[in-house]
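> Structure provided below as structure tokens; questions to follow.
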Amino acid sequence: MAAPARPYWTGYLKLSLVTIAVRLYTASSERERVRFHQIHEPSGERVRQQLVVPGIGPVERDDIVKGFEYQKGHYVTVDPEDLKRLRLETTDTIDITEFVESVDPIYFDAPYYLVPDGNVAEEGYRVIRESLRQSGKIAVGQVVINGQERIIAIRPLGTGLLGNALRYQDEIRKPEDFFGSIAADDVDEDQLAIMEQIIARKTKAFDPGKFVDHYQAALRELIDEKLAGKVPVKPAEHRPAQVINLMEALKRSLAEEQKSPSAAPRRAASRPAAVADAPPPASRGRKTAAPNGQRSLLLPVDGGRGQAPRSAAPTRAPASAEAPKRRRKAS
């Protein structure tokens, strides 16, 4: 498949005295994800945001400049010409400064495809790709992307190169601030042995294609139902319960794995073997809701100027016959 017509960044990849022209493309996309707009419910009109200055009112975007607040309520402004004077070598060049064995995953950020820009650049590109592949090293450099200088790690990917923007150290929160209260004591050897068996049975090559974003699929199903004029039924809330007897839960988990070692992932997690059930929280909300929890605006609305505001009231349905019985707690 041909690369997109417009690269995210164009420049040069430099390694010592070798410089080749390259293009950078974003490797990820959220184009297919469901996105919501804010809608004024009575009219069905989309809510728009305005650029407003207190005491002045709405302003034009052309009259807005960047500003840094050096003191509360006081700003120093920076215009595009000031930013142009800040051009660094990394604005146009990815300068590989070192090679490393590995990078801690906590530093990885956005992925990019690094592509040679023209036939002349391809020879040097292929030499860099194969040298990285055979050495097992990761090339590290810096580049200005979207107005920010980023660290970038470059690795071979098939016949090409994958670049990952890396976070700076001061962008990472200290793990000890979150894990400091967790004990580092040894765990029970019997429990550990069973867990190792479970891990061994579940170990396989990672295949991202087998995983599905169930929430996005449920959102699309919800939207399709509302477009078809149906009122979606609110399912009972499910919360995984706490494990009471860890050893018993581990033994039963291993037994389940032995019965079905290649069970496919399920939308709802199975309940642990030894658990304590908690009653579902009472539903609450500021607006009157139908028995299934649907808000007053049930079906699609036609937005557009000139339409008279309207309100929709939920259709009253008979109350559900009987609440499901609670399961007994495990002893």
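> In this structure, does GLY163 turn out to be small (Gly, Ala, Ser) and in contact with a Ser or Thr (Cβ under 6 Å, 6 or more places away or on another chain)?
Numbers: small (Gly, Ala, Ser): yes; in contact with a Ser or Thr (Cβ under 6 Å, 6 or more places away or on another chain): no.
The answer is no for GLY163.
> Can you say whether GLY158 is touching a residue at least 60 places away in the same chain (Cβ under 8 Å) and either loosely packed, with under 13 Cβ neighbours inside 10 Å or farther than 24 Å from SER28 by Cβ (or both), as far as the supplied structure shows?
When the stated conditions are applied, GLY158 does not pass them.
> Could you check, for region 75-87, whether at least one of its residues is over 23 Å from LEU166 (Cα atoms) and touching a Lys or Arg at 6+ places or on another chain (Cβ under 6 Å)?
Checked region 75-87: at least one residue is over 23 Å from LEU166 (Cα atoms) and touching a Lys or Arg at 6+ places or on another chain (Cβ under 6 Å).
> While we're looking at this one, here's another question. Looking at region 54-73, is at least one residue in contact with a Pro (Cβ under 6 Å, 6 or more places away or on another chain), surrounded by 10 or more Cβ atoms within 10 Å (Cβ to Cβ) and farther than 19 Å from GLN142 by Cβ?
Initial filter on region 54-73 (in contact with a Pro (Cβ under 6 Å, 6 or more places away or on another chain)): none.
Among the residues of region 54-73, not one is in contact with a Pro (Cβ under 6 Å, 6 or more places away or on another chain), surrounded by 10 or more Cβ atoms within 10 Å (Cβ to Cβ) and farther than 19 Å from GLN142 by Cβ, which makes the answer no.
> For region 189-209, what are the residues that are touching a residue at least 24 places away in the same chain (Cβ under 8 Å) and open to solvent by 70 Å² or more (accessible area, probe 1.4 Å)?
Just the residues of region 189-209 that are touching a residue at least 24 places away in the same chain (Cβ under 8 Å), to begin with: 190-191, 194-195, 197-198, 201-202.
Once the filter is applied, which keeps residues that are touching a residue at least 24 places away in the same chain (Cβ under 8 Å) and open to solvent by 70 Å² or more (accessible area, probe 1.4 Å), region 189-209 yields ASP190, MET195, GLN197, ARG201, LYS202.
> Additional query: Checking the conditions here, which among ALA218, ALA228, ALA184 is small (Gly, Ala, Ser), under 22 Å from ARG35 (Cβ atoms) and modelled with pLDDT of 80 or more?
On the way: ALA218 fails: modelled with pLDDT of 80 or more; ALA184 fails: under 22 Å from ARG35 (Cβ atoms).
None of the others qualify; the one that does is ALA228.
> Checking the conditions here, which among GLU98, GLU89, GLU30 is under 32 Å from the mean Cα position of the chain (by Cα), within 26 Å of LEU132 (Cα to Cα) and open to solvent by 100 Å² or more (accessible area, probe 1.4 Å)?
GLU89
> Touching a residue at least 40 places away in the same chain (Cβ under 8 Å), on the phi < 0 side of the Ramachandran plot, assigned to a strand (DSSP E or B) and out of contact with any Ser or Thr (no Cβ under 8 Å at 6 or more places or on another chain): does that describe GLY141? Explain how you work it out, then say what you get.
Working: touching a residue at least 40 places away in the same chain (Cβ under 8 Å): yes; on the phi < 0 side of the Ramachandran plot: yes; assigned to a strand (DSSP E or B): yes; out of contact with any Ser or Thr (no Cβ under 8 Å at 6 or more places or on another chain): no.
Taking the combined requirement at face value, the residue does not satisfy it.
> For region 164-183, enumerate the residues that are small (Gly, Ala, Ser), part of a loop (DSSP other than H, G, I, E, B) and open to solvent by less than 100 Å² (accessible area, probe 1.4 Å). Step through it out loud before you land on a result.
Residues of region 164-183 that are small (Gly, Ala, Ser), as a first pass: 165, 180-181, 183.
Still in the running and part of a loop (DSSP other than H, G, I, E, B): 180-181, 183.
Listed by number, the residues that qualify are GLY180, ALA183.
> Among the numbered conditions (1) surrounded by fewer than 10 Cβ atoms within 10 Å (Cβ to Cβ); (2) basic (Lys, Arg); (3) modelled with pLDDT of 90 or more, tell me where ARG46 comes up short.
ARG46 satisfies all of (1) surrounded by fewer than 10 Cβ atoms within 10 Å (Cβ to Cβ); (2) basic (Lys, Arg); (3) modelled with pLDDT of 90 or more except (1).
Residue by residue, here is whether (1) in contact with a helix residue (DSSP H, G or I) (Cβ under 9 Å, 6 or more places away or on another chain); (2) outside any helix (DSSP H, G or I) holds:
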{"site": "ARG23", "(1), (2)": "no, yes"}
{"site": "GLU32", "(1), (2)": "yes, yes"}
{"site": "HIS37", "(1), (2)": "no, yes"}
{"site": "ASP62", "(1), (2)": "no, no"}
{"site": "ASP82", "(1), (2)": "no, no"}
{"site": "THR97", "(1), (2)": "no, yes"}
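The values are calculated or read from the model by the stated rules, or taken from the named source; none is laboratory data. Quick caveat, the model's predicted, so the values are computed rather than measured. Virtual Cβ from ideal backbone geometry, glycine too; neighbours counted across all protein chains shown. Each accessible area value is taken on the protein alone, full model and side chains, heavy atoms only, with ligands, DNA and RNA left out. Shrake-Rupley method; radii C 1.70, N 1.55, O 1.52, S 1.80 Å.
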